[in-house]
Amino acid sequence: MPDYNLKLIIPEVFLFLWALFIIAFDLGTRRRNSKLIGYLAMGGVAFTGILLSTYHGGFAFGNMFKSDMLAVFFKVIFLGSAFMAIGSSFGIITDKIKNHRGEFFGLILLSTVGMMFLASAGELITLYIGLELTTIPLFVLAAYYKDDRISVEAGLKYMIIGAFSSAIMLYGLSLLYGLSGTTDLLAMKINLAYLFLGNNGLGWGPLMAIILVMAGIGFKLALVPFHMWAPDVYQGSPTPVTALLSVGSKAAGIVAFLRIFTDGLFGFSIEWSMILAVLATGAVVLGNISALRQKNIKRMLAYSSIAQIGYVMVGLVAVNQLGVAAAGYYMFIYLFANMGAFAVATIFCDKTGSDSISSYAGLSKSSPALSAYMAVFLLSLAGIPPLGGFVAKYFVFAAGIKAGYTWLVIVALLTAVVSLYYYANVIKNMYFSAENPEFKIKPPLSANIVLILGVAGLVVFGVYPEPILNFALDAAKVFIF
């Protein structure tokens, strides 16, 4: 009898069943109480985190499902992004979707389940299924405002690009299977090293597979030149969905990259790290320069997220324990900063009906707390000490220099200076405008929880990064460098 080790998948199974319960409960109560549904969804995510804390290392279903520290680390990020997306939704977004609240929260939870399975994938088929379970609910969520042409357009664009990128990635994965004769990542690493390394060289087969898989993941991460969908989808989607796309979905892409490249294709790291360095350069340059021109805050944050993922790639290019740990720490801090910034954008748009940066003029006079939250989130994204964003950039740059990519770090540093302008522009509008808005914004309780959690995470883990950094270093130890 095979050992299925079912206890390892208890958090995923619980969250899946909880998503179904949320949908059924909303239907059973005739959609009367959006706040209760929202708090139930947040409670389900929190309880999944408690189940995850009872960590048991090991394998399930052969080697298909891995429960290791890397998986646990990224699952914390997934659950955090889902918790904050849900918290910034109800009482705001849910008032516009009165007949589909349960489905909205259920789809967020189902996407999170996909992310969690993806993080634990030990072979290619499980990884691909987890990736699709992650993205398909997001297609629906992006188009959730059925009567809004921009939202429907965003969902359609995201679905087309997502299907296209999945096809490219699947073709690359099929090449890897054909070349190695296995879908198991550990066995793949051994087989490919035996066949192609040494006197034979890289060969066209592995090179083509590397390019295709990297292109497929590049679309998911919105890396340049695969970024064209991000600004329109970010602008048209409901803002909490945009936040989930920018953090949870990208963290899923990062862990997929780590499983395939740092594990299965580690023997070809010299080749793929050079390709990744070029993509990272394009991301930090184009993302930051394009963000300068934006007048819509969601589009500005979209280009900002393209640049931010470029900084994460600087850590992954290093192909060492510090680089993987730095990339993980960066994503953990990015969770608080970006989810918080989008939460403020959600609250502000709900009150004013505008996503224009100019509409934030004088916000500090009418809503000082909200403007202070936004300032902290933006300053962290810019990498200003003592916030977590500064420490995150320091570690990824240190990893890049240690690996010999000094030129890439210099480019990233110069573009980080450019980013100060467009982040500071929002702060300037809030604090140094002569306008005095008549409205006063009071966030709902759930949104306040998200904002306080975001600021606390940035301050605490900026001043005292050791717990998360040690957690990330332990997660990186699953790879043999």
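The numbers here are math on the coordinates, done by the rules we state, and not lab data. Computed from a prediction, not measured in an experiment: that's the story for all the values here. Here the Cβ is made from the backbone with ideal geometry for all residues, glycine too, and neighbour counts use every protein chain on show.
Descriptive notes on the structure:
- Count Lys and Arg as plus one, Asp and Glu as minus one, and take only other residues whose Cβ is under 14 Å from that of Val409; the net charge is then +2.
- Angle between the chain longest axis and helix 185-196 axis [Cα atoms, degrees, rounded to 10]: 50
- Protection-proxy order for peptides 44-50, 135-141, each taking the mean of Cβ atoms within 10 Å per residue, highest first: 135-141, 44-50
- Net charge over other residues, Cβ less than 15 angstrom from the Cβ of Ala121 (K, R count +1; D, E count -1): -1
- The ratio of the alpha-carbon radius of gyration of the range 381-481 to the globular-protein estimate 2.2 N^0.38 Å is 1.42.
- For peptides 242-253, 394-405, sequence by mean Cβ density within 10 Å, most packed first: 242-253, 394-405
- Cα gyration tensor shape for the range 290-357, rounded if a/c is under 1.5, else prolate or oblate: oblate
- Nearest 10 degrees, 0 to 90: helix 124-142 Cα axis against the chain principal axis: 20
- Helix-only CD estimate at 222 nm, as mean residue ellipticity for the chain, using -39500 (n - 2.57) per DSSP H run (n ≥ 4): -24000 deg cm²/dmol
- The alpha carbon centroids of the range 128-167 and the range 278-302 are separated by 22 Å.
- Debye intensity ratio I(q)/I(0), log10, the range 167-292, q values 0.13, 0.17, 0.19 Å⁻¹ (C-alpha model): -0.58, -0.88, -1.04
- For Ser356, net neighbour charge (Lys/Arg +1, Asp/Glu -1) across residues whose Cβ lies under 11 Å away: +2
- Comparing Cα centroids, the range 64-87 and the range 371-414 end up 23 angstrom apart.
- Global size of the range 6-476 as Cα Rg and Dmax, reported in angstrom: 21.2, 73
- Overall form of the range 1-61 per C-alpha gyration tensor (a/c, 1.5; a/b vs b/c): oblate
- 5 Å binning of all Cα-Cα separations within the range 11-165, expressed as whole percents from 0 upward: 2, 10, 18, 20, 19, 15, 10, 5, 2, 0
- Dividing the C-alpha radius of gyration of the range 256-374 by 2.2 N^0.38 Å, with N its residue count, gives 1.32.
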